[in-house]
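Here the structure is laid out as structure tokens; the discussion comes afterwards.
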Amino acid sequence: MLILVLLVITALGFDFTNGFHDTGNAMATSIATGALKPKVAVALAGILNLVGAFLSVEVAATITKDVLKIQGSSGALIPGITATEGMIIIFSGLIGGILWNLLTWLFGLPSSSSHALFGGLIGAGLAAIGTSGVNWDGIVDKVLVPAVLAPVIAGVVAAAGTWLVYAITKRVTGARKEQGFRWGQIATASLVALSHGTGDAQKTMGVIALALITTGHLSVKSVKDGLPFWVVFSCAGAIALGTYIGGWRVIRTLGKGLVEIESPQGLAAEASSAAIILTSSASGMALSTTHVATGSILGSGVGKPGAKVRWAVAGRMVVAWVITLPAAGVVGAITYYIAHLIGGAGGAIAIFAILLVLAGAMFWKAQQQKVDSNNVNAEWDENSNSVVPTEDAVETTPTASV
């Protein structure tokens, strides 16, 4: 029971980091263009993430069956895996996901929280069981293929939408045009935040459900019919709180680092992201909202004639995307070995303590060069491509409509 409690706490901790790491997916462009004030944006995103988490369980069901193979089709654990061992595998995977989330947040890199979670679980599963412990068909179909296609599709849709918006409104000028697009951004950004809740909060719900299945507190068949209310409510609250805290370092990179974005671009990018994320959530695909949002923002830069895209920053993101699964997997595997070596509840306590120490160290490091609502829109440093604003950076925040 102690291991299960620590696992649930850690899962909610991952959900919290998912929230603040991915706030920028919905709100970065609206903050950058001034459609929303920074603190209003993260508050709105938090509320909509909370609502979105209650709308579906399709992605949660995917997590319980399409990543690890620690139980058979009936829900019984596979031979050689005890309930304690199964929980340690899941626990270790969560730690791999959290630490990768925090590391990429520290450097302002919009990497995928979903892939960090999957990587951690895969690494722990490989360490504990071997290749048979991973559902490779599910990983390929529901994770890897969407990871490759989603940003490309989002970029193409956003580029076409941006070009079309500018073509239609090229004869329209003045403040009313800009104001109209900013109000449109509020609507589309809200839709992205809602869709983020329907997808990402469910991933943590799925992990907790998997742990409850492992311990016999929940059956595989009951997941499709709905999860226990406390699971849904706690996951919804954790991701909403994380979103409200605001991952300002990542918001800055998405809003200022990729493209000097204007309201029409922001509208097109957010509409593209929302459509793709909602479609994937309905089909149970554990899509990376980060990949979608980044592809959409890049597409908005390509679609606007004469826009400047910072491909060096985009290149750093792609590198982070490529290494997310294996890096989180290595951490998950190492964490599993440590817990397994110590054994039982002592092993769980040990890896939980390691998580707290490393997370605290990265948070302390981030406070030495702080990015928050006051400097998130400071001028981007073209020379260093740094997420941390320089002391003499000029504030370029447009007048916010809300």
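The values are calculated or read from the model by the stated rules, or taken from the named source; none is laboratory data. Note that the structure is a prediction, hence the values are computed from the model and not measured. When we count neighbours, we look across all protein chains shown, and the Cβ atoms used for this are built from the backbone with ideal geometry, even at glycine.
Points worth noting:
- Count of the stretch 128-148 residues, restricted to those that are part of a helix (DSSP H, G or I) and within 26 Å of residue 334 (Cβ to Cβ), is 12.
- Only one of the listed residues (94, 109) is aliphatic (A, V, I, L, M), assigned to a loop (DSSP other than H, G, I, E, B), within 27 Å of residue 28 (Cβ to Cβ) and in contact with a helix residue (DSSP H, G or I) (Cβ under 6 Å, 6 or more places away or on another chain). That residue is 109.
- Residue 156, sole failed condition from (1) surrounded by 19 or more Cβ atoms within 10 Å (Cβ to Cβ); (2) under 26 Å from the mean Cα position of the chain (by Cα): (1)
- Test result for residue 119, in contact with a helix residue (DSSP H, G or I) (Cβ under 7 Å, 6 or more places away or on another chain) and either closer than 13 Å to residue 325 by Cβ or modelled with pLDDT of 85 or more (or both): yes
- Matching residues in the stretch 316-331 - criterion: being without any contact (Cβ under 8 Å) to a residue 12 or more places away in the chain and within 19 Å of residue 67 (Cα to Cα): 322, 323
- Here is the figure for the stretch 232-255: residues that are surrounded by fewer than 24 Cβ atoms within 10 Å (Cβ to Cβ) and touching a residue at least 24 places away in the same chain (Cβ under 8 Å) total 7.
- Residue within the stretch 8-15 that is modelled with pLDDT under 85 and not β-branched (Val, Ile, Thr) present: no
- Verdict on residue 36 being buried (at least 24 other Cβ atoms within 10 Å of the Cβ) and assigned to a loop (DSSP other than H, G, I, E, B): yes
- If you go through the stretch 291-349 and keep only what is within 19 Å of the chain's Cα centre (by Cα), among the polar types (S, T, N, Q) and over 30 Å from residue 128 (Cα atoms), you end up with 294, 296.
- Residue within the stretch 332-344 that is crowded, with 23+ Cβ neighbours inside 10 Å and either among the β-branched types (Val, Ile, Thr) or under 20 Å from residue 25 (Cβ atoms) (or both) present: yes
- Wholly within the stretch 285-382, helices (runs of 4 or more DSSP H) carrying at least 3 residues that are modelled with pLDDT of 90 or more and of a type outside the set (A, V, I, L, M, F, W, C): 311-342, 344-368
- If the condition is being under 30 Å from residue 261 (Cα atoms) and not hydrophobic (A, V, I, L, M, F, W, C), then the stretch 305-354 contributes 305, 306, 308, 310, 315, 316, 324.
- Residues that are modelled with pLDDT under 85, among the hydroxyl-bearing types (Ser, Thr, Tyr) and surrounded by 24 or more Cβ atoms within 10 Å (Cβ to Cβ), drawn from the stretch 199-220: 214
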